[in-house]
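Report on the structure given below.
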Amino acid sequence: MKPSSIIICILSYLTGLGILLQWILLWTDIFLVEEKIPGFQNYFMSFQLADLWIIINAFLTGTFILLKNSKSTLFGISLGSAMIFFGLYSFLYDWRTKLLFDFSSGEIFGKFITLYNIIGGVLFIVYFSKSIKK
């Protein structure tokens with residue numbers, strides 16, 4: 001397996017595991033969502049199914065890479081697309097609500113996640129688009 005495939009595989013699994021861990025911490029009240037602006041908790045908690053879609057795609061991408069199965073391309077591009085959508089949606093929400101300019105520790109973490117989703121999503125799409133036969 002090429003080193004780039006190993007890196008993408010690891011990033012894929014870490015993405016899925018990170019999101020899953022976040023929701024476990026939320027559901028067990030270890031991590032609490034602060035109501036920074038009216039409706040923020042509802043906004044944040046509305047991503048459970050969308051995040052599940054990202055988790056499924058992340059695990060399938062990593063698994064198909066390990067199996068050296070070409071289906072990794074389909075799920076990798078789907079993963080990248082979902083991550084970019086989430087990242088851009090989150091960025092525009094922060095922009096419109098002025099949370100983009102809040103640099104408290106929770107918001108800095110949120111900005112990191114937003115940036116990771118945009119950059120990581122582009123990375124997944126670029127990597128897997130190279131394996132599409134012309």
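Some observations on this one:
- Cβ-Cβ under 7 Å pairs, at least 6 apart or on other chains, segment 50-79 side without any contact (Cβ under 8 Å) to a residue 24 or more places away in the chain and surrounded by fewer than 18 Cβ atoms within 10 Å (Cβ to Cβ), far side hydrophobic (A, V, I, L, M, F, W, C) and in a helix (DSSP H, G or I): Lys71/Phe64
- Filtering Ile125, Ile119, Ile65 for residues that are modelled with pLDDT of 95 or more, under 12 Å from the mean Cα position of the chain (by Cα) and on the phi < 0 side of the Ramachandran plot leaves a single hit, Ile119.
- The lone exception for Thr114 - which of (1) part of a helix (DSSP H, G or I); (2) touching a residue at least 60 places away in the same chain (Cβ under 8 Å) it fails: (2)
- In the set (1) under 24 Å from Ile24 (Cβ atoms); (2) at pLDDT 95 or above; (3) not hydrophobic (A, V, I, L, M, F, W, C), the condition left unmet by Gly76 is number (1).
- Residue within segment 35-45 that is surrounded by 15 or more Cβ atoms within 10 Å (Cβ to Cβ) and of a type in the set (Lys, Arg) present: yes
- Among the criteria (1) touching a helix residue (DSSP H, G or I) at 6+ places or on another chain (Cβ under 9 Å); (2) among the aliphatic types (A, V, I, L, M); (3) modelled with pLDDT under 95, the one Leu88 does not fulfil is (3).
- Of all the numbered requirements in (1) of a type outside the set (S, T, N, Q); (2) more than 18 Å from Leu20 (Cβ to Cβ); (3) without any contact (Cβ under 8 Å) to a residue 60 or more places away in the chain; (4) surrounded by fewer than 15 Cβ atoms within 10 Å (Cβ to Cβ), Phe109 misses one, and that requirement is (2).
The values are calculated or read from the model by the stated rules, or taken from the named source; none is laboratory data. Just so it is clear, the structure is predicted and the values come from calculations on it, not from any experiment. Heads up, the Cβs are rebuilt from the backbone with ideal geometry, glycines too, and the neighbour counts pull from every protein chain shown.
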